[in-house]
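Undergrad: One structure follows; several queries about it will come next.
The values are calculated or read from the model by the stated rules, or taken from the named source; none is laboratory data. From a predicted model like this one, the values you see are computed outputs, not experimental measurements. In this analysis, Cβ positions are derived from the backbone assuming ideal geometry, glycine residues included, and neighbour counts consider all displayed protein chains. Just the protein is used for accessible areas: all its heavy atoms, side chains included, with ligands, DNA and RNA removed. Shrake-Rupley method; radii C 1.70, N 1.55, O 1.52, S 1.80 Å.
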Amino acid sequence: MLTEKQLLRYFKQRRYGGRNLLARTLDYIALRFILFAAAFLFFRLHLDTPRSALLAALSVLIASLLLHVAREITMARFIKKEMIRIRRFLMREKLMFLPEPAFLELCRRCGGVEDPIPLQRAEPVGADALLPLLRQSQDRPPVVCSSAGFTPAAEAFVLRSPHRARLIGPDALVAAAGQSDALWPDDEAVHAYIAAEQRRGANARRRLGELLRTGAGTYGKKYALTAGVLLLLSFFTRYTLYYRMLAGLCLSIAAVALFRKSTTAHPNLRS
């Protein structure tokens, strides 16, 4: 089971588009700075500098409190929706692995008939798989339940077929299971899913870091070459300052890349 801190970290990353703590902190500071600057310029039209700065600081403080309250409310709603989304996803994945009697009972509950046709599949059911079912049930439309849904071709085939059928996909089956059902995923399953997602993200970041360290020398040379070209072009244009600023930025990136390469080749340099 995950701790409350680990769960909150996951939900915040999901809520803010995968941004880490550093990115969110920079956004927090930048937003407050923009609010302060806007409030200061507004009050400066009518008051002197000290009072304008004081009122701007108070305005930022009040705005921060209001934003904090709004963020807490929206975060609570987001966590509730995200928990429902995860449980529905896990229940959908669980359908194909249910025991046959349990899946049949779920199909009966969802279809409202005693003899539905249960299809526990890993892939959507196609038109060729539906054809013999429709031919066998000519007296009344069959109710076909699929754990993986149906292909668009199968749905179109049922619409134009002279033998009608009622198709029930995984979304309807998940809704029929309901949160009070014994089949519904519990908190332990949700925590296991979140832990797996966090491990997957950590592995992806580690692979990205290894890739950047491996190509640090190549990136450094390219940025150094770009800096040289920009510096040379600065002597033939009116925008000398901008070209040299970009050249300095490229040189900084090249220096960081070469430093990462040296620390990778000689780990003792890190200490």
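Undergrad: Looking only at the stretch 165-190, count every residue that is surrounded by 17 or more Cβ atoms within 10 Å (Cβ to Cβ), at pLDDT 90 or above and not hydrophobic (A, V, I, L, M, F, W, C) and tell me the total.
TA: Total satisfying the criteria: 2.
Undergrad: Leu8: among the aliphatic types (A, V, I, L, M), outside any loop (DSSP other than H, G, I, E, B) and open to solvent by 100 Å² or more (accessible area, probe 1.4 Å), yes or no?
TA: So Leu8 does not fit the description; no.
Undergrad: Count, please, the residues in the stretch 50-80 that happen to be of a type in the set (Val, Ile, Thr) and within 19 Å of Lys12 (Cβ to Cβ).
TA: Total satisfying the criteria: 4.
Undergrad: Based on this model, can you work out whether Arg51 counts as part of a helix (DSSP H, G or I), touching a helix residue (DSSP H, G or I) at 6+ places or on another chain (Cβ under 9 Å) and under 30 Å from Arg205 (Cβ atoms)?
TA: It is false that Arg51 is part of a helix (DSSP H, G or I), touching a helix residue (DSSP H, G or I) at 6+ places or on another chain (Cβ under 9 Å) and under 30 Å from Arg205 (Cβ atoms).
Undergrad: Next question. Looking at the stretch 26-41, is at least one residue among the aromatic types (Phe, Trp, Tyr), open to solvent by less than 70 Å² (accessible area, probe 1.4 Å) and under 30 Å from Glu188 (Cβ atoms)?
TA: no
Undergrad: Among what's in the stretch 105-124 and is touching a helix residue (DSSP H, G or I) at 6+ places or on another chain (Cβ under 7 Å) and part of a strand (DSSP E or B), pick the residue that is least open to solvent (accessible area, probe 1.4 Å).
TA: The extreme case among them is Ile117.
Undergrad: Restricting to the stretch 82-104, name every residue that is in contact with a strand residue (DSSP E or B) (Cβ under 9 Å, 6 or more places away or on another chain) and open to solvent by 40 Å² or more (accessible area, probe 1.4 Å).
TA: Selection gives Glu100, Leu104.
Undergrad: Could you list, in sequence order, all residues of the stretch 125-161 that are within 14 Å of Ala172 (Cβ to Cβ) and either of a type in the set (Lys, Arg) or open to solvent by 30 Å² or more (accessible area, probe 1.4 Å) (or both)?
TA: Selection gives Glu155 alone.
Undergrad: Follow-up question, since we're still on this one. Suppose the filter is part of a helix (DSSP H, G or I), surrounded by 11 or more Cβ atoms within 10 Å (Cβ to Cβ) and of a type in the set (Val, Ile, Thr); does Ile79 pass it?
TA: Considered against the rule, which asks whether it is part of a helix (DSSP H, G or I), surrounded by 11 or more Cβ atoms within 10 Å (Cβ to Cβ) and of a type in the set (Val, Ile, Thr), Ile79 comes out as yes.
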